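Structure first, commentary second.
The values are calculated or read from the model by the stated rules, or taken from the named source; none is laboratory data. In this text the structure is predicted, and so the values were computed from the model without any measurement. Note that each Cβ is placed from the backbone with ideal geometry, even for glycine, and that neighbours are counted across all protein chains shown. Each accessible area value is taken on the protein alone, full model and side chains, heavy atoms only, with ligands, DNA and RNA left out. Shrake-Rupley method; radii C 1.70, N 1.55, O 1.52, S 1.80 Å.
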Amino acid sequence: MPERRTVALVTLGCARNEVDSEELAGRLAADGWELVQDASDADVAVVNTCGFVEAAKKDSVDALLEANDLKDHGRTQAVVAVGCMAERYGKDLAEALPEADGVLGFDDYADISDRLQTILNGGIHASHTPRDRRKLLPISPAERQDAAVALPGHAQEAAPAPEDLPEGVAPVSGPRAPLRRRLGTSPVASVKLASGCDRRCSFCAIPSFRGSFISRRPSDVLQETRWLAEQGVKEVMLVSENNTSYGKDLGDIRLLETLLPGLADVEGIERIRVSYLQPAEMRPGLIDVLTSTPKVAPYFDLSFQHSAPGVLRAMRRFGDTDRFLELLDTIRSKAPQAGARSNFIVGFPGETEADLAELERFLTGARLDAIGVFGYSDEEGTEAVGYENKLDADVIAERLAHISQLAEELTSQRAEERLGESLQVLVESVDDEDGAVGRAAHQAPETDGQVLFTTREGLVPGLMVEAKVVGTEGVDLVAECSGLMEAAR
């Protein structure tokens, strides 16, 4: 009998990382590794890191150090870093953090089992050398589909999947596609729609380590969604760095409008949600599909970042307060209950008091359901690092506190506007401590508010119910269940 090998996956960062972790879990399970939830019970702890901003990088380092401490008093024998921070810094991370027994990049994912076994046996796998992944794919989007580049979550020309896969593991998009195994039992799961980004925002380093934009084929996305439905998933969230660009490398920039109705028709799926939309790339047809297709959530996760024209141009972005408000008005004219959220950066180099006032004007008029606010910080490798007119740290902190407080007040007011509304709510958890908790169509996992039911009687995770909003707690809604949805009965 083969020796028992255990592995735990610790995931930080965004939903895209969660999908990548489940791919790694599928590959490891297919090769005989036993997946455990607690890192202290694992021979190898794999930390899927985030490399987006300083706070996320600190969290990743802390997680690696915490896992390393287990080697002194637990089963854990090795700690391995994967994910964006590992990909972005490679050898530099390995040298700065000797507590990590291995630092693996995206190119290692297809051979993750062999890499971990080598490390577990006391061998050394050389940490990869970071490179600008934008240069790995052809400049022309139409030529990217056949490029032999490691893209987590995408079908690639690799060795065929094993024929005898463990229960719960499947090739999610064809015989040569990545494997996937769910790491939880939530009725919600993310599906990767694309990878990378062709935009060149002056503050963002993501394209340098995630690469240029490349879509997954619709058939792959559909097959993975069907597999998730078989696993009990009720809501699928489509994730990528920029969902509005989907299909441009497949010859059809409107491909998302065609794909969404097909996904909504998958048996067992109750809701499809699309995340991360670029305002400058929104088009009437996409708005129509998002606001009128049954089971597709009228949910708009719009990346505004700011609304003052001068700041947006310095960010290498487009738009202004009035254009953004007009976009939101168009959406709500088609779906009055539509959800809208966004993130914003304050303290960008050159931002004036007038620019900040313009952002306040937008936020006050936008009626967003959720708002994330971040203070600007230099990200190495980005254009903005070389900008002049940097603001002092205390000025940025003051503006961050001010806009964050305003955002909290405005989102609470927006929640109160929903009093009396009838919502379709997916029950996500039911327990003695928190009662029954779910989310409506305007609430995405992790980033937005949630629905707190007044009673948990008759409610179980995965059930879609009609509920009436009777109260609020900040951005959260308090609701009474008024009946099961027809499709959930």
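Under the convention that each Lys and Arg Cβ holds +1 and each Asp and Glu Cβ holds -1, the size of the dipole of the chain around its Cα centre is about 1480 debye. Between D114 and R313, full extension at 0.36 nm per residue minus the direct alpha carbon distance yields a gain of 67.0 nm.
Give the relative contact order (percent, whole number) for the chain; include only Cα pairs under 8 Å separated by 6+ residues. Answer for the chain is 9 percent.
Ordered from largest to smallest accessible area (heavy atoms of protein chains, 1.4 Å probe), the residues T258, T291 come out as T258, T291. Membrane-span-like helices in the chain, defined here as complete DSSP H runs extending at least 15 Å along the helix axis by their C-alpha atoms with mean Kyte-Doolittle hydropathy no lower than 1.0, are absent; this is a sequence and geometry rule, not a statement about a membrane.
Rounded to the nearest 20, the Cβ-based charge dipole of the range 259-314 about its Cα centre (Lys and Arg +1, Asp and Glu -1) stands at 220 debye. Greater than 30 Å separation of Cα atoms is the criterion. Which listed pairs, K192/K390; K57/K390; K58/K234; K295/K468, meet it? The pairs that break the limit, which is 30 Å between Cα atoms, are K192/K390; K58/K234.
By the beta carbon rule, with partners counted only under 4.7 Å, the chain holds these lone Cys residues: C14, C50, C84, C197, C481. The orientation-averaged projected area of the convex hull spanned by the Cα atoms of the range 313-372 comes to 4.2 nm².
For the range 47-139, just say rounded, prolate or oblate: build the C-alpha gyration tensor, square-root its eigenvalues into a ≥ b ≥ c, call rounded for a/c under 1.5, and beyond that prolate if a/b exceeds b/c, oblate if not. It is oblate, given that a/c is not under 1.5 and a/b is not larger than b/c.
Here's the picture: charge each Lys and Arg Cβ at +1 and each Asp and Glu Cβ at -1 in the chain, and of I403, L256, Q450 the one pushed furthest to the positive end of that dipole is L256. Positive end of the dipole of the range 353-452 (Cβ unit charges, origin at the Cα centre): among Q424, G381, Q413, the Cα lying farthest that way belongs to Q424. An oblate overall shape is assigned to the range 5-86, the ratio a/c of its alpha-carbon gyration tensor axes (a ≥ b ≥ c) being 1.5 or greater and a/b not exceeding b/c. Calculated accessible area for the chain comes out at 43 Å² per residue, all protein chains present (probe 1.4 Å; ligands, DNA, RNA ignored).
Expressed as a whole percent, the accessible surface of the range 18-106 that belongs to carbon and sulfur atoms is 45, based on a 1.4 Å probe. Which loop GluC sites (Glu not before Pro) in the range 1-105, with loop taken from DSSP, have no more than 16 other Cβ atoms within 10 angstrom of their Cβ? Answer by residue number: E3, E99.
A dipole drawn for the chain from +1 and -1 charges on Cβ atoms has a positive end, and of A467, L151, A441 the residue lying farthest that way is L151. Which value in Å is the Kirkwood Rh of the range 338-434 over different Cα pairs? Averaging 1/r across every pair of different Cα atoms and inverting gives 15.8 Å. In terms of the Cα gyration tensor, with a ≥ b ≥ c the square roots of its eigenvalues, is the range 249-368 rounded because a/c is under 1.5, prolate because a/b exceeds b/c, or oblate? Here the range 249-368 falls in the prolate category. Placing pseudo-labels 7 Å out from each Cα toward the beta carbon at D107 and D392 gives an inter-label distance of 4.7 nm. Beta bridges assigned by DSSP with both partners in the chain are antiparallel in approximately 40 percent of cases. Each Lys and Arg adds +1 at its Cβ and each Asp and Glu adds -1 at its Cβ; summed about the Cα centre, the range 313-451 shows a dipole of about 740 debye. If the chain linking E360 and R200 were pulled fully straight, counting 0.36 nm for each residue of separation and taking away their Cα-Cα distance, it would gain 55.0 nm. Principal semi-axes of the equivalent ellipsoid, √(5λ) from the alpha carbon gyration tensor of the range 384-485, are 36, 14, 12 Å from largest down.
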